[in-house]
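The values are calculated or read from the model by the stated rules, or taken from the named source; none is laboratory data. Just so you know, these numbers come straight off a predicted model, no measurement behind them. For neighbour counting, all protein chains shown are included, and Cβ atoms are generated from backbone atoms with ideal geometry for every residue, glycine included. For accessibility, only protein heavy atoms count, side chains too; no ligands or nucleic acids. Shrake-Rupley method; radii C 1.70, N 1.55, O 1.52, S 1.80 Å.
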Amino acid sequence: MTTSKTDSIGRARRLLPALLVAGALVAIWQSYVVVSGIRPQVLPSPARVLTQGWSHRVDIAGHAWSTLQVTLVGFAVSLALAWVLAIAVDFSPWLRRAFVPLFVVSQTLPIIAIAPLMIIWFGFGLLPKILVIALVTFFPVAIGLLEGFAAADREAGALLRSMGASRWQQFRYVRLPSALPRFFTALRIGITYAVVGAVFAEYVGATSGLGIYMSTQKNSFRTDLVLAAVLVTAVLSLTLYALTYVVERVVAPWALTKGAK
């Protein structure tokens, strides 16, 4: 109990500087809007963004739920592909030479150009959004896994080989545990990219979601509701980001302890 309380206090202290800076920026923003008298269509005050967002909370929540569903499905597909290909590449030097350059090339594709093509090719359904999210998130997760596998303790692997362990047993008991800390680091990067990718795909073309909601409100000159949707997107990203620590604590608690030290 004491350790848990100490950890909570430590996390709160680490978050304090960021909260202070964020609070200062919001105060400056609010003061500027009040003093300058700028029109809310151009720059609404934080107070207006919050009040109007709360007034339209039902619509925003519905679109946020749609974005969350797309994000989770797309990211789940990306994770599955990353794990399968990363394990295959780790077992085969030939596949490493064949696929790793393609992984890198996938990051050079301009999503701003690819996303509209996905809509043209596959329509406004779920598939184009999944593909956009996979393109955005696959690389960091796959590379994180490959680097984690490569960082495995060579002496431990040699010991298992001397005991007659198979390649799969070496992977299971040495390489896989070694990869988990880097995997969760990549997971945190990927999940934030996934939300951004989902919103962008919806912005290009969708029937529901925060992206299409922002586009609709922008066309109606409701900057306050656009910023309210942006705030919800940020909260959604931060929530998913925080949940990765919960999963890591269950799956690989030693990684968190190592990182804390």
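Below, the figures for the structure above:
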| item | result |
| --- | --- |
| Yes/no for Q107 being open to solvent by 60 Å² or more (accessible area, probe 1.4 Å), polar (S, T, N, Q) and within 19 Å of A134 (Cα to Cα) | yes |
| Enumeration of residues in the stretch 70-93 that are modelled with pLDDT of 85 or more and open to solvent by 80 Å² or more (accessible area, probe 1.4 Å) | L72, L81, V84 |
| Tally, over the stretch 198-229, of residues that are over 22 Å from the mean Cα position of the chain (by Cα), farther than 25 Å from V77 by Cβ and β-branched (V, I, T) | 2 |
| Residues that are surrounded by fewer than 16 Cβ atoms within 10 Å (Cβ to Cβ) and free of Cβ contacts under 8 Å to residues at least 12 places away in the same chain, drawn from the stretch 154-207 | R154, E155, A158, L159, R161, S162, M163, G164, S166, W168, Q169, R172 |
| Whichever residue in the stretch 14-25 is over 24 Å from the mean Cα position of the chain (by Cα) and open to solvent by 70 Å² or more (accessible area, probe 1.4 Å) and, among such residues, is farthest from A47 (Cα to Cα) | L20 |
| Restricting the stretch 209-221 to residues that are touching a residue at least 12 places away in the same chain (Cβ under 8 Å) and not in a helix (DSSP H, G or I), the residue that is surrounded by the fewest Cβ atoms within 10 Å (Cβ to Cβ) | F221 |
| Close pairs from the stretch 37-57: first over 19 Å from A22 (Cβ atoms), partner of a type in the set (S, T, N, Q) and open to solvent by less than 80 Å² (accessible area, probe 1.4 Å), Cβ under 8 Å, at least 6 apart | P40/T223; Q41/T223; V42/T223 |
| Those residues of the stretch 110-146 which are open to solvent by less than 40 Å² (accessible area, probe 1.4 Å) and without any contact (Cβ under 8 Å) to a residue 60 or more places away in the chain, in sequence order | I114, G123, G125, P140, I143, G144 |
